[in-house]
1. Of everything in region 35-46, what is assigned to a loop (DSSP other than H, G, I, E, B) and loosely packed, with under 10 Cβ neighbours inside 10 Å? Give them in sequence order.
2. What are the pairs with Cβ atoms under 6 angstrom where one residue, in region 16-42, is closer than 11 Å to residue 2 by Cα and the other, located anywhere, is part of a loop (DSSP other than H, G, I, E, B)? Sequence gap at least six, or different chains.
3. Given the condition part of a loop (DSSP other than H, G, I, E, B), surrounded by 10 or more Cβ atoms within 10 Å (Cβ to Cβ) and under 10 Å from the mean Cα position of the chain (by Cα), answer yes or no: does some residue in region 9-29 qualify?
4. Hey, residue 6 hits all of (1) outside any strand (DSSP E or B); (2) surrounded by fewer than 10 Cβ atoms within 10 Å (Cβ to Cβ) but one; which does it fall short on?
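Taken together, the values in this text are just the output of simple stated rules run on the coordinates, not laboratory data. Just so it is clear, the model here is predicted, and its values are computed rather than measured. Counting neighbours? That spans all protein chains shown, and the Cβs are built from the backbone with ideal geometry, glycine included.
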């Protein structure tokens, strides 16, 4: 299981993620879709 709750990420003074919450339970398959620069990779690294 993967669980993120109210994650906030900054690069310097710039806030990249604001209160991201995500829960993926065992056996679930999910996708994270968004435009370039939307924070997909940053979310997975959090």
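1. Matches in region 35-46: 35, 36, 37.
2. What qualifies is 24/30; 25/1; 26/1.
3. For region 9-29, residues part of a loop (DSSP other than H, G, I, E, B), surrounded by 10 or more Cβ atoms within 10 Å (Cβ to Cβ) and under 10 Å from the mean Cα position of the chain (by Cα): absent.
4. Going through the list (1) outside any strand (DSSP E or B); (2) surrounded by fewer than 10 Cβ atoms within 10 Å (Cβ to Cβ), residue 6 breaks only (1).
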